[in-house]
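Notes follow once the structure below has been shown.
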Amino acid sequence: ATGCVFAKAMWLRSPQTAARLLSGAAEMHRSEKLNGINAGAVFRMITGDELGKYDFHVNIVGGGNIEGPSAGAAIMIAMLSAARGIRIRQDVAVTGEISIQGKVKEVGGVFEKIYGAKQAGIKKALIPAGNMKDVPSDITGIEVIAVDEVRDCFTHIFKGYRIGPDGIESDNGR
């Protein structure tokens, strides 16, 4: 069965240490913990803020059977959205592992993920540039965009925002 898995993040406005994000989850897969650590490093790189200023709750909606690093970029984007109050477009999907430098790395099952996103009504899928070889040239009904860095996702995910020299900036000056 193929489908989409949705992630959401909440900022609880109660500063705790960044370690709390990862504590108490003994059943968490090693790569999922690394996604949290990498997302924290990239969050700091993009915003200039320390993750310890925030107390995030990240939820994989529906309790999907998730294994591996594919949700790294989605987790980072959800955290950024929660911390900055920026709405995420609901017709765009993203997959990819993120490195500590913010690079979006190849993942497995990209064809199946695109198919699942299309079935869920998603109009655009952002995938690691290294996975473009896995996308059939005759695919229709969904736009597939290759990304090299998590920052490349922002113009597609955050409508009306961009990355500027001081971090995330609104197109209308707010």
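The values are calculated or read from the model by the stated rules, or taken from the named source; none is laboratory data. Worth saying up front: this structure is predicted, and the values here are computed from it rather than measured. Note that each Cβ is placed from the backbone with ideal geometry, even for glycine, and that neighbours are counted across all protein chains shown. For the accessible areas, the whole protein counts, side chains as well, though only heavy atoms, and no ligand, DNA or RNA atoms are used. Shrake-Rupley method; radii C 1.70, N 1.55, O 1.52, S 1.80 Å.
Would you confirm whether or not segment 65-81 contains a residue that is at pLDDT below 90, part of a helix (DSSP H, G or I), in contact with a Phe, Trp or Tyr (Cβ under 6 Å, 6 or more places away or on another chain) and open to solvent by less than 70 Å² (accessible area, probe 1.4 Å)? Yes, that holds for at least one residue.
Which of the residues belonging to segment 129-163 are in a helix (DSSP H, G or I) and crowded, with 16+ Cβ neighbours inside 10 Å?
The answer is Ala129, Gly130, Asn131, Asp134, Val150, Arg151, Asp152, Cys153, Phe154, His156, Ile157.
Figure legend. Inter-residue proximity from segment 51-64: first residues within 14 Å of Ala82 (Cβ to Cβ) and assigned to a strand (DSSP E or B), second residues at pLDDT 70 or above and not aromatic (Phe, Trp, Tyr), beta-carbon distance below 7 Å, spacing 6+ or different chains. Indicated pairs: Phe56/Met79; Phe56/Ala82; Val58/Ile75; Val58/Ala78; Val58/Met79. Filtered by the rule that a residue be touching a residue at least 60 places away in the same chain (Cβ under 8 Å), of a type in the set (A, V, I, L, M) and not in a strand (DSSP E or B), segment 95-128 gives Ile100, Ala117, Ala120, Ile122.
Restricting attention to segment 99-123 and to residues that are under 27 Å from Arg44 (Cα atoms) and out of contact with any Lys or Arg (no Cβ under 7 Å at 6 or more places or on another chain), the residue that is surrounded by the most Cβ atoms within 10 Å (Cβ to Cβ) turns out to be Val104.
Taken over segment 142-174, the residue count meeting the criterion of being modelled with pLDDT of 95 or more and either of a type in the set (Gly, Ala, Ser) or touching an Asp or Glu at 6+ places or on another chain (Cβ under 6 Å) (or both) is 1.
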